[in-house]
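Heads up: the structure comes next, in structure tokens.
The values are calculated or read from the model by the stated rules, or taken from the named source; none is laboratory data. None of the values given here were measured: they were computed from a predicted structure. With ideal geometry, Cβ positions are generated from the backbone for all residues, glycine too; neighbour counts draw on all protein chains shown. For accessibility, only protein heavy atoms count, side chains too; no ligands or nucleic acids. Shrake-Rupley method; radii C 1.70, N 1.55, O 1.52, S 1.80 Å.
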Amino acid sequence: MADREVDQQLVERVQRGDKHAFDLLVTKYQRKLGRLISRFVRDPGDAQDVTQDAFIKAYRAMSGFRGESAFYTWLYRIGINTAKNHLLQNKRRPPTSTYFDAEDSESFEDASLLQEVSTPENELMSKQVIEVVQTSLQQLPEDLRSALTLREIEGLSYEEIASVMNCPVGTVRSRIFRAREAVAENLRPLLETSKDKRW
Amino acid sequence: MMKNKISALMDGELFTDEANHIIEQLKSQSSAQQDWQIYHLIGDVLRQPEVITADVSKVVHERLQFEPLVVAPQRSMTEKARNIALSAAASLMAVVAVSWMAMQATPNKSPQLALQTSPLSRASFVLKPQVNAYLAAHQELSPSSDVQGGSAFIRTTIYSATEDVAP
């Protein structure tokens, strides 16, 4: 079952009245959508509110989603519209200097804008999380680090990674899981001590 | 084992039945939900290491409690059956069309075989000597191509008076 099919499964569950399935979609896409919205809404607090609103709008519109496009494309479109409406309500013009489309949002990288997402309250926590993940990744054995990097950063499938690393697909699956779990082990204490557990 | 499958699920690398089973588990087990969340956080940090946005999932979850259930009209079986029937009909039409075109392009074999098995015989009609020049001049212009598969067996004959007087 491909990634898009997993989304479709979750969408169909939501359409049958399963709210928990929508929670899983929110967890999966919240940061991608948050980054996208922060490109329109510069104020970090407002960006978070708009992100929440976009998810609620997506939930309300879920009955009309027929799977003709990928869920994330549809979600990002709602995110962009919500952000633009927010700007209009606040008498601000949406950015027009850089045309931006929902289809492009996955490859969106703009560090200078992303930096503005952090609020003074969460900036320290954000840095710590990033540091723990990066340090944990560097401490992983080479085969685990490569497998996780090829999956998360390069976006390769297990079969492609198996071909690159010259090992069975089952081994790839195991390596990626072990890598994730090793990083997660280091992250959990930090996240549990977080004041508002907003990570 | 469960964590292993959550990891594979988020990569889209589980079979449908297994994926559905894990999704069910994710609904009911908070520890599994945390694993799903933290694995996604790791992925997000690796892809965008500059900064990470705060988690809005809990707030969205709380707001969802005030939202009515979404129940989309399910695609009825009749609609699915209609789609399948239309697909099958289109496929059948395509096969028939291709077959028909192939038959049009290929000469009919049966008459050829029949002609091959029968011995060639001399034309029974007799032409007058005056038409020989006409036949010779117009042989290349004769519409032989209209006779599919038969042109190979048609001979142009010329009448000669000398043959008739042979011993």
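At-a-glance table
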| item | result |
| --- | --- |
| Total formal charge among the other residues, if their Cβ is under 15 angstrom from that of residue A:53, Lys/Arg +1 and Asp/Glu -1 | 0 |
| Under the Karplus curve 6.51 cos²θ - 1.76 cosθ + 1.60, θ = phi - 60°, whole-Hz ³J(HN,Hα) for region A:14-20, x wherever Gly or Pro sits | 4, 5, 9, x, 9, 5, 4 |
| Accessible area buried between chains B and A, both sides summed, probe 1.4 Å, in Å² to nearest 100 | 6500 Å² |
| Cβ-defined net charge surrounding residue B:66, 12 Å radius [Lys, Arg +1; Asp, Glu -1] | +1 |
| Charge sum, other residues only, whose C-beta stays under 9 Å from residue B:3's C-beta, Lys/Arg counted +1 and Asp/Glu -1 | 0 |
| Sites residue A:142 and residue A:42, calculated FRET efficiency, Cβ-Cβ separation with R0 41 Å, nearest 0.05 | 0.50 |
| Spacing of the two label points (7 Å from each Cα toward its C-beta) at residue B:95 and residue B:65, in nm | 5.8 nm |
| Heavy-atom accessible area order for A:35, A:42, largest first, 1.4 Å probe | A:42, A:35 |
| Exceeding the 31 Å Cα-Cα cut-off - candidates A:28/A:127; A:84/A:127; A:91/B:27 | A:91/B:27 |
| Over region A:34-92, equivalent-ellipsoid semi-axes from the Cα gyration tensor in Å | 21, 11, 10 |
